[in-house]
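Visitor: Quick one: structure below, then a few questions.
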2 protein chains.
Amino acid sequence: MLYGYQGKILWIDLSEKTVNKVDLSADDAYKYIGGSGLGAKILFSTTGAETDPLGPENTLIFMTGPFTGTRVPTAGRHAVVTKSPLTGIWAESDIGGTWGTALKKAGIDGLVIVGASNNPVYLWITDSTVEFRNAEHIWGKDTYEIEDIIRSETNHKAAITSIGPAGENLVKFASIMSDGKDGRAAGRSGVGAVMGAKKLKAIAVCGSQNTSVARPEELKKSITKFLPTLVANTKTRKEFGTSGALISSEKLGDLPIKNWREGSWVEGSERISGQRMAETILTGRFYCSSCMIGCGRKVEIKNSAYGNVDGAGPEYETLALLGALCLVDDLEAVAMANELCNRYGMDTISTGGVIAFAMECFEHGLITEEDTGGVSLQWGDAGAVIDMIHQIGQRKKLGKILAEGVKRAAAQIGGVAEEFALHVKGLEPPAHDPRAFNSLAVAYATSNRGACHLQGFTHPYEIAATIPELNYCKPFDRFAVRGKGELTANLQNIMSMCDSLKICKFAVVGGVTLTHMVEWLNLITGWEMTVADFLLTGERLFNLKRLYNVRCGITRKDDTLPPRLLSLKRGSGGAADNLPPLGEMLSEYYLYRGWDELGRPTQSKLEELDLVNI
Amino acid sequence: MLYGYQGKILWIDLSEKTVNKVDLSADDAYKYIGGSGLGAKILFSTTGAETDPLGPENTLIFMTGPFTGTRVPTAGRHAVVTKSPLTGIWAESDIGGTWGTALKKAGIDGLVIVGASNNPVYLWITDSTVEFRNAEHIWGKDTYEIEDIIRSETNHKAAITSIGPAGENLVKFASIMSDGKDGRAAGRSGVGAVMGAKKLKAIAVCGSQNTSVARPEELKKSITKFLPTLVANTKTRKEFGTSGALISSEKLGDLPIKNWREGSWVEGSERISGQRMAETILTGRFYCSSCMIGCGRKVEIKNSAYGNVDGAGPEYETLALLGALCLVDDLEAVAMANELCNRYGMDTISTGGVIAFAMECFEHGLITEEDTGGVSLQWGDAGAVIDMIHQIGQRKKLGKILAEGVKRAAAQIGGVAEEFALHVKGLEPPAHDPRAFNSLAVAYATSNRGACHLQGFTHPYEIAATIPELNYCKPFDRFAVRGKGELTANLQNIMSMCDSLKICKFAVVGGVTLTHMVEWLNLITGWEMTVADFLLTGERLFNLKRLYNVRCGITRKDDTLPPRLLSLKRGSGGAADNLPPLGEMLSEYYLYRGWDELGRPTQSKLEELDLVNI
């Protein structure tokens, strides 16, 4: 009996239309946990440097963890793992909603999808069956539209994850969306394009099996005791969602403005803030499975200048990237842009990044109205942003180039465009500025999927969060240098565990300690992990992803930041004068990681982590 | 009457075999001075982004300055300016010896060579004639061998500058050498390959005209009064040449060791030091025109393991790059390697850099004995270094790839080779470590020809040198950060003047102040420049070179250092723990320079520098 797991992984070959139900071994569960960790093991075994991310040989993995479907709060999550068509390296995208829990209820811990279908299909998975269904009739429909159609063809309780036209059109930063208009996104790294290349439109699941827990009563007791703390600590998230952070982020100098060129934007940030949203277009909230925070925003706009909006409201990242980064301070317009991205199925972070990039190219005459089909790509022009979203989602006009992401787009456009293309390893950065939090410089430079704040999630520990188990008993000074390499490595290890177990990062900064996670994991699985084992496992998982990247050619030279974030000061606001001394922090990081001069895990490190023969 | 100049520039078309003697205007002389400054004006007007550096359309400029041929000490220098085949951007290489003075004595301030000959030729220039001479019989001969042959065909007093087989074979870092075995080198940026592409083997000059000076008696008096100071301050240079710095450089943590991977090499540096050279193989010294220091080393080795040596001894840079960088601690071997580089006519800095790069590739199995023709490229193997010099100079076996410089070689070899390829903008760094002198990080990142210590020459100002006129009254702390951007910009402006006037940098750190240079320039030319005018002119010249590079596509993204120098600590020795925070210093530098976000001179800066219409 594998407590905490269903013990089964479905291997689905879309070329051959075959399904294999494979046992999950107890050893693999203990060593790789689940989620992106187990995904890493499978991706490492099935793909490599030569794998074309958009070829049938790429593997697309959906994986739950031992927390999914249990009582653990905020564990309604799953990981999507593949080789990224945007970056050519490790891709993971972690997503909430109800789908992961539904998959596990169907008796399955995860899906491993290989091959590619000739014609559009969707999968319909229940407790006992897996069907390949024709999807010709929904190919081209957006992620909101397919929800009712597929439910009517399967089960009205089915949970659905799908791609929109962006994924079908192989937009390199296409997302995989879940739950229709209560939209949750596996947004980053272009996982939706991989699904599109496989001609897989959607996966609908419905099941009825619970996950067996080794010591359910003790688990219930522990969680019940802890819950009030989490509720108390996440009040603001409940009230304003992620978007509540916009104003404070601007104040801290953390919010990226005008393609990372400006330091402050006080009125703009107020106009598109979560607080303003709550006063205006907010109609309610929605929850992921097993969550009591409910940060999801429901918004409704009728007859705005840009049309109607009825669905998930924009998150902090979306407001920042499609708003502040493009200087758009019209909340209704950003809500519309958000809905369009959700419907097309594309990452709002990369979309905002690539549009701001295009605006700067336009400012410098590298792109003209001839390229945009007459759109004047002026800073702050909400209509232009919305036009670009359509062009990208449909891969039309300038959208053909922008759909490739900033790195490739800059190479195509040439000249000084490279200066405007902010990315790490090909991934556009999210809405936190390494000039405002030194740790983010290391985190962005070393995150396995490219510029990412979530794989390290360090910046909360430079504001308020602590980790008593590591003797981080007070927050770090965000502009200090010493210790940031070590902090980042430790947090990357912990976040690797969160993304494998699955648990939401809001829970972790909301009071769930390492000790809680270890206790719950042991109660669920019957294991006897210590905090040290837990951290070592996280370290194993992070290094395994790095090994995958090393195999793809990643070395120290790639662990850097765009020149603008290293040498251009914000100039005003809460982080006016800071520039992160990346080299010094990286040096500490490599040393702490036990990596060699090239940024590769050493043989002795691999032995320590039991990663020599995988 | 243009005092300080001969007032004539020869434009020579090698395709058409035509010569035009063009007047130098008083305005151009005042605005661009001479040397690399006037060279910049001419290169800017005749070439651009589309120019193939090895095509007949490239311009190869030899230019003296108003100090050349006067009483000013150490002014026996000229500049070679062209578009670099190694980097594709601005190339200048400043060289001592007797040739520049001889050119000026022939009544000419400079040569501008365009086109390309079909067959090898050499030029024979006198007071009244310019001859295109057939050079078939000396094509393939080395730079020592041609000296007697050309003199016997022209005049036994002729000064000769030439290329060796490396330039003929278009080795991308081929040098132009002067004065045969008392060899002086225009080593950097591959100027020799441009001469080779033009099928121009050598230029012999002999003349009898003095340079008219506006106020000769006052000049004589001022210089005579100053000379004892210079003599006193340059005693060590006289005694040990540049090589005298090796031991102290190692102590400071400035010496690059094992391709920039190690921090100390005490015994090795002693074994190949100038002090050891003085005790063993040194037989005498030689002087450039109008120099009283005489840092040139004459050495002789008979029947060593590697053959006989009889000529110029290795400089500091050569000992460091062909010695320490490759872990070779055999002085006789390095002297032999130096003589070979001089004879082949190739830059010892880039040669050492590319061989150390190859050794690291060999260590990692990216290059094997199959590639090297059986040579085992082990660290410290002097024989292997000598073998590689032959392979590069002849473009045989691995030399075909290495002759392209580390940047292109790494791209050809692929994999992690890029990590071992240390360069800035394609130019291999000289033997001073930015981890030992923070200012060098800015200087290397922003030097117009790529990684270069001479275009800024900042590090002496972090040891002992001062500039009273700028209120730099005591040396900077080499590990401090603030002020280094400004220091570098100011010194780049001053060095741009030195390279235009011409005057040796040993004179500048030996006591020649800004005030001296301005005084002498005014006495020579009859101008009434102030120190402020002088600095503004230097700023103009530096910015003009930058403008040239901007035109070739250079922006902020290129102003960086190899990852190894930013994030790998030396680990031991005199600069064990320092890493230069480049971003912070660059930020200060751009601000001080008045450059825009892309690292381009702003319109108002161009107006201030009178560079709007050039």
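The values are calculated or read from the model by the stated rules, or taken from the named source; none is laboratory data. Here the structure is a predicted model, which is why all the values come from computation and not from measurement. As a convention, Cβ positions derive from the backbone with ideal geometry for all residues, glycine included, and neighbour counts pool all protein chains shown. These area figures cover heavy atoms from the full protein model, side chains too; ligands, DNA and RNA do not enter into them. Shrake-Rupley method; radii C 1.70, N 1.55, O 1.52, S 1.80 Å.
Visitor: Can you tell me which of (1) open to solvent by 20 Å² or more (accessible area, probe 1.4 Å); (2) of a type in the set (A, V, I, L, M); (3) within 13 Å of chain B (Cβ to nearest Cβ) is the one A:Ala532 doesn't meet?
Guide: That leaves (3) as the condition not met.
Visitor: Check off (1) open to solvent by 60 Å² or more (accessible area, probe 1.4 Å); (2) within 24 Å of A:Gly65 (Cα to Cα); (3) out of contact with any helix residue (DSSP H, G or I) (no Cβ under 9 Å at 6 or more places or on another chain) for A:Leu227 and give me the number that stays unchecked.
Guide: (1)
Visitor: How many residues does segment A:35-59 hold that are in a helix (DSSP H, G or I) and touching a strand residue (DSSP E or B) at 6+ places or on another chain (Cβ under 6 Å)?
Guide: Our first condition is that a residue be in a helix (DSSP H, G or I); within segment A:35-59, this holds for A:35-46.
Add one more test, that the residue is touching a strand residue (DSSP E or B) at 6+ places or on another chain (Cβ under 6 Å), and what stays is A:35-36, A:38-39, A:42-43.
Result for segment A:35-59: 6.
Visitor: Give me the strands (runs of 3 or more DSSP E) completely within segment A:245-355, filtered to those with at least 1 residues that are of a type in the set (Ser, Thr, Tyr) and open to solvent by 10 Å² or more (accessible area, probe 1.4 Å), ordered by residue number. Don't jump to the end; show me each part of the working.
Guide: Details: elements: A:282-286, A:296-304, A:307-312.
Ranges flagged: A:282-286, A:296-304.
Visitor: Have a look at A:Asp127, A:Asp28 and point out the one that is without any contact (Cβ under 8 Å) to a residue 40 or more places away in the chain and open to solvent by 10 Å² or more (accessible area, probe 1.4 Å).
Guide: Details: A:Asp127 fails: without any contact (Cβ under 8 Å) to a residue 40 or more places away in the chain.
It is A:Asp28.
Visitor: Could you list, in sequence order, the residues of segment B:567-577 that are at the interface with chain A (Cβ under 9 Å from one of its Cβ atoms) and open to solvent by less than 40 Å² (accessible area, probe 1.4 Å)?
Guide: Answer for segment B:567-577, where residues must be at the interface with chain A (Cβ under 9 Å from one of its Cβ atoms) and open to solvent by less than 40 Å² (accessible area, probe 1.4 Å): B:Ser567, B:Leu568.
Visitor: Same structure again: Test each condition in (1) part of a loop (DSSP other than H, G, I, E, B); (2) in contact with a helix residue (DSSP H, G or I) (Cβ under 7 Å, 6 or more places away or on another chain); (3) closer than 18 Å to B:Ala202 by Cα for B:Thr87 and report the one that comes out false.
Guide: Among (1) part of a loop (DSSP other than H, G, I, E, B); (2) in contact with a helix residue (DSSP H, G or I) (Cβ under 7 Å, 6 or more places away or on another chain); (3) closer than 18 Å to B:Ala202 by Cα, the lone unmet condition for B:Thr87 is (3).
Visitor: Ok, one more. Would you mind finding the one in B:Gly510, B:Gly553 that is modelled with pLDDT under 95 and open to solvent by less than 40 Å² (accessible area, probe 1.4 Å)?
Guide: Among B:Gly510, B:Gly553, only B:Gly510 is modelled with pLDDT under 95 and open to solvent by less than 40 Å² (accessible area, probe 1.4 Å).
Visitor: Out of segment A:499-549, which residues are touching a residue at least 60 places away in the same chain (Cβ under 8 Å) and among the aromatic types (Phe, Trp, Tyr)?
Guide: A:Phe506, A:Trp520, A:Trp527, A:Phe542, A:Tyr548
Visitor: Of all residues being of a type in the set (Gly, Ala, Ser) and within 10 Å of another protein chain (Cβ to nearest Cβ) in segment A:418-458, which is nearest to A:Lys258 (Cα to Cα)? Just the residue, please. Step through it out loud before you land on a result.
Guide: Of the residues in segment A:418-458, the ones of a type in the set (Gly, Ala, Ser) are A:421, A:426, A:431, A:436, A:439, A:441, A:443, A:445, A:447, A:450-451, A:456.
In the following step, the residues that additionally are within 10 Å of another protein chain (Cβ to nearest Cβ) were identified as A:421, A:441, A:445.
Working: A:Ala421: 13, A:Ala441: 19, A:Ala445: 22 Å.
Selected residue: A:Ala421.
Visitor: Further question on the same structure: Of everything in segment A:591-607 that's open to solvent by 50 Å² or more (accessible area, probe 1.4 Å) and free of Cβ contacts under 8 Å to residues at least 40 places away in the same chain, which residue is nearest to the other protein chains (Cβ to nearest Cβ)? First the steps, then the outcome.
Guide: Taking segment A:591-607 as the starting set, the residues that turn out to be open to solvent by 50 Å² or more (accessible area, probe 1.4 Å) are A:591-592, A:597, A:600, A:603-604, A:607.
Imposing the further condition that a residue be free of Cβ contacts under 8 Å to residues at least 40 places away in the same chain reduces the set to A:603-604, A:607.
On the way: A:Gln603: 14, A:Ser604: 18, A:Glu607: 21 Å.
Across segment A:591-607, the extreme among qualifying residues is A:Gln603.
Visitor: To continue, here is another question. Say whether the condition of being assigned to a strand (DSSP E or B), surrounded by fewer than 19 Cβ atoms within 10 Å (Cβ to Cβ) and at pLDDT 95 or above is met by at least one residue in segment B:189-200.
Guide: Initially, segment B:189-200 is screened for residues assigned to a strand (DSSP E or B), giving B:200.
Applying the additional criterion that residues be surrounded by fewer than 19 Cβ atoms within 10 Å (Cβ to Cβ) yields none.
Looking through segment B:189-200, none of the residues is assigned to a strand (DSSP E or B), surrounded by fewer than 19 Cβ atoms within 10 Å (Cβ to Cβ) and at pLDDT 95 or above.
Visitor: Also, I was wondering about something else. Is one or more of the residues making up segment B:447-467 part of a strand (DSSP E or B) and in contact (Cβ under 8 Å) with a residue 24 or more places away in the chain? Lay out the reasoning, then the answer.
Guide: To start, the set of residues in segment B:447-467 that are part of a strand (DSSP E or B) comprises B:467.
Narrowing the set further to residues that are in contact (Cβ under 8 Å) with a residue 24 or more places away in the chain leaves B:467.
For segment B:447-467, residues part of a strand (DSSP E or B) and in contact (Cβ under 8 Å) with a residue 24 or more places away in the chain: present.
Visitor: Looking at A:Glu519, A:Glu588, which is the one that is among the acidic types (Asp, Glu), within 14 Å of chain B (Cβ to nearest Cβ), open to solvent by 40 Å² or more (accessible area, probe 1.4 Å) and not in a loop (DSSP other than H, G, I, E, B)? Before the answer, list the steps.
Guide: On the way: A:Glu519 fails: within 14 Å of chain B (Cβ to nearest Cβ).
The unique qualifying residue is A:Glu588.
Visitor: Hey, can you tell me all the residues within segment B:370-411 that are crowded, with 17+ Cβ neighbours inside 10 Å and small (Gly, Ala, Ser)?
Guide: Of everything in segment B:370-411, those that are crowded, with 17+ Cβ neighbours inside 10 Å and small (Gly, Ala, Ser) turn out to be B:Ala382, B:Ala384, B:Gly393, B:Gly399, B:Ala403, B:Gly405, B:Ala409, B:Ala410.
Visitor: Just to be sure before I move on: is B:Ala464 more than 14 Å from every other protein chain (Cβ to nearest Cβ) and open to solvent by 10 Å² or more (accessible area, probe 1.4 Å) in the structure I sent?
Guide: Against the criterion (more than 14 Å from every other protein chain (Cβ to nearest Cβ) and open to solvent by 10 Å² or more (accessible area, probe 1.4 Å)), B:Ala464 qualifies.
Visitor: So in segment A:556-566, with the set limited to residues that are within 7 Å of chain B (Cβ to nearest Cβ) and farther than 16 Å from A:Met585 by Cβ, which one is surrounded by the most Cβ atoms within 10 Å (Cβ to Cβ)?
Guide: Here the residue is A:Pro563.
Visitor: Here's a follow-up. Just to be sure, is B:Ile367 open to solvent by less than 10 Å² (accessible area, probe 1.4 Å) and either out of contact with any Pro (no Cβ under 6 Å at 6 or more places or on another chain) or charged (D, E, K, R) (or both)? Explain how you work it out, then say what you get.
Guide: Working: open to solvent by less than 10 Å² (accessible area, probe 1.4 Å): yes; either out of contact with any Pro (no Cβ under 6 Å at 6 or more places or on another chain) or charged (D, E, K, R) (or both): yes.
So B:Ile367 passes the test.
Visitor: Let me ask you something else. Tally the residues that are over 24 Å from A:Ser290 (Cα atoms) and of a type in the set (S, T, N, Q), restricting the search to segment A:97-153.
Guide: 7
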